[in-house]
Amino acid sequence: MQTSTTFSRSFILIMAITCGVCAGSNYYNQPLVYEIAKTLQVPVEKAAFTIVISQFAYALGLILLIPLGDKFSKRKLVLCLMSISGIAQILIGYSQQLWSLYLLTFLATTFSIGSQVLIPFISSLGDSEKMSQIIGTLMSGLFLGILLARAYAGAISTFADWHTVYISSGILMLILTLVMYLKLPVPKPVTQQIKLFSIYHSMLHIAWRSPQLIRRGCVGAMAFASMILALSTMAFVLANPPYSMSEFYIGMFGLVGAAGVYATKWAGRHIDAFREKKVAIMGCTLLILQWVMLFFAKQSLVIYIIGLLSGYFAISVLHVLNQSLILRQADDTRSRQHSIYMFLYFMGAALGSTVGVYAWSHWGWMGCCLFGLGFSLLTVVFDVLDRYKMNRVRSIHICD
């Protein structure tokens, strides 16, 4: 049995920062697409394709690399992932051609899932009474990293350039890797030998025999596709008339999502009281209202901000609901079920960013709004389908 491990407050803070840097590095490119396009002398749609690559690569890393923690040392895996991602980010800073930017973005974001391995690793180090508080702190760091990434990218690019954003982030990632190497405890070697094929095959088996996992994954995927479509086109809306904002102010809009913290607390209280239906209705309603308000983005900046807030609230409560419903039914395959869910979740993000860039280049903001509303309606369809299926299962059990 693993002995309980005690962490100092300073190291917990450093781990939280590490989680934020790992997760946030996927979002630097969102406010920078116009500057990247100008520097590389390419159409802005081609520069924006880095957003699509980031989301797809992160989803790929979740499904392919996280399960390796069941075979290899999670500590070594965290260090390896962070090292590769940090080096790739530094090389992005020296990219002068579009193809190298695409390739390095793919590498940097595929291996940026270090936080998704670090958090389960820390939680496995003992049964300390304060462990849940530590995990909560790390999750808060991850969430804040995603929110602050756009603001960081916008601020640094304003006073320097977009190259400096990635070089500074990569250097910070490598420094944090060194700190993790020096401070993370070395666990006892795992004696159980698992074949890689068995790990991935078992994930297919889990997905096949867990229909609710797939349904809730589709709810999360469509909701995140809706939100990421709005975020991936944010630079298009704000950098052009009537706003014509710089990268700095576009990046600051990422801070709007901080309100999502309150949504997760509200959702958690209602889910604990078994009021899942209320949470689902609230999330789906806000997701649809988001695009009703975003339709008027070019007429009113206030309405645009309210629309974004609605979207942040929606995906926050739906994500908490999905996780709760999945983990409530989970067994000893909990980590792999989480990996499958997060893969579907970020595949939704990849779909949303792809559709957003394509819709903007062909049909403008009207096309983006219609597709965003379509993703929101699909979220409702999958949620209603899941609740219908689960009610039928309960009815059958009652009759038996």
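The values are calculated or read from the model by the stated rules, or taken from the named source; none is laboratory data. Just so it is clear, the structure is predicted and the values come from calculations on it, not from any experiment. With ideal geometry, Cβ positions are generated from the backbone for all residues, glycine too; neighbour counts draw on all protein chains shown.
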Of the residues in region 239-278, those that are at pLDDT 80 or above, surrounded by fewer than 23 Cβ atoms within 10 Å (Cβ to Cβ), among the aliphatic types (A, V, I, L, M) and in a helix (DSSP H, G or I) number 2
Filter region 98-122 for residues that are part of a helix (DSSP H, G or I), polar (S, T, N, Q) and surrounded by 15 or more Cβ atoms within 10 Å (Cβ to Cβ); the one that is modelled with the lowest pLDDT is Gln116
So, first residue touching a residue at least 40 places away in the same chain (Cβ under 8 Å) and assigned by TED's automatic domain parsing to the domain that holds Ala149 in region 71-98, second residue surrounded by fewer than 18 Cβ atoms within 10 Å (Cβ to Cβ) and in a loop (DSSP other than H, G, I, E, B), Cβ within less than 6 Å, six or more apart or across chains; the pairs are Lys71/Ile194; Leu98/Val42
Ala151 meets each of (1) within 21 Å of Leu309 (Cβ to Cβ); (2) outside the structural domain of Ala59 (by TED's automatic domain parsing); (3) touching a Leu at 6+ places or on another chain (Cβ under 9 Å); (4) touching a residue at least 12 places away in the same chain (Cβ under 8 Å) with one exception, condition (2)
Apart from one, (1) in contact with a helix residue (DSSP H, G or I) (Cβ under 8 Å, 6 or more places away or on another chain); (2) at pLDDT 85 or above; (3) not basic (Lys, Arg) all hold for Leu301; the odd one out is (1)
task = Report yes if Ala235 is modelled with pLDDT of 85 or more, among the aliphatic types (A, V, I, L, M), assigned to a helix (DSSP H, G or I) and in contact with a helix residue (DSSP H, G or I) (Cβ under 6 Å, 6 or more places away or on another chain), otherwise no.
result = yes
